[in-house]
Amino acid sequence: MQILAPIEWVVAWIIYGAHWLFTLIGFGHGPGIAWVLAIVVLTVVMRAAMMPLFFKQIVASRGQQLIAPELKAIQDKYKDKKDPASREAMSRETMALYKEHGSNPLSSCLPMLLQMPIFFALFRVLGAIAPIAAGERAGIGPITQAIAADIQQSSFFGAHLSDVFTTTTNTVSRVVIIFLIVAMAASTFITQRQLTMKNMPESAMTGQAASMQKMMLYVMPVFFAISGVNFPVGVLIYWTVTNLWSMGQQYYAIKRMPTPGSQAELDLKAKKAARAAAKGVVLEPAALVNNSDVIELTASGQRQQPKRKNRNKKN
């Protein structure tokens, strides 16, 4: 697809540039693990560039979860009304609800949507390696025929980066591909599960949105497991690494910025209360989240009045 040509060019240059950096620190110039690590660097660069969007996704997802009961109320209100006026009124009230809470249902999907062109561009670049190495087509950016030959001969535990399960006859390659597919599907499941089970308030655990979340929990891993047999090893490495990045990034976000009313928030409050109790301090309910108000215990166990940590003493 011509529309992906600029993205393919950028992907090719990032992989080539990462490999060049690895050669500077002692890796070989020819075929080798440096080309595999270059794909890992591509993943890190792309995910780091999308971190601002990730935090916007957290805000959007949190907003979606918090307004789920109100959204369901609107849907129930117009459940049995099929006339155009009622449909228009439901749409208007829904959009007003999104505007009031500053939420946008598309924002939660944006990081995934932006990753897809990169994913397909990498798929096409790796798929073009064999024809470029054979001189059957022109190179992509800095990937000339000689560079393509080096990439083609590079391997990950015996599997070449351009190997595909459905076309390779190498048993070692097939075993490595199956391992990567399992890792990709498992990391997808764990990432989705920690979002669904840990960071959703009880009010959002029912209704259509919750059903969609639970369906995605099982559908996405199955989708990756089935489609993974058509992906080159390099693409499987990219997607597995990006899943592991997402899992770690989401774990950090849930731990530090849990959705109000979720199990993650309850765990955070319990941990803060336990830490404070070990120091002889009792936290007010609000302080369990922001640590601003503290009630200290005297030696006799009597409670003192709340003190605000960030309040400076007046001279």
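May I ask you to verify whether I39 is modelled with pLDDT under 80 and buried (at least 16 other Cβ atoms within 10 Å of the Cβ)? When the stated conditions are applied, I39 does not pass them. When the criteria are applied in full, A287 meets the requirement of being at pLDDT below 65 and crowded, with 16+ Cβ neighbours inside 10 Å. Go through segment 228-259 and give me each residue that's over 16 Å from V175 (Cα atoms), assigned to a helix (DSSP H, G or I) and among the hydroxyl-bearing types (S, T, Y). Once the filter is applied, which keeps residues that are over 16 Å from V175 (Cα atoms), assigned to a helix (DSSP H, G or I) and among the hydroxyl-bearing types (S, T, Y), segment 228-259 yields Y238, T242, S246, Y251, Y252.
The values are calculated or read from the model by the stated rules, or taken from the named source; none is laboratory data. Because the structure is a prediction, the values reported are computed rather than measured. Please note: Cβ atoms are built from the backbone with ideal geometry, for glycine as well, and neighbour counts cover all protein chains shown.
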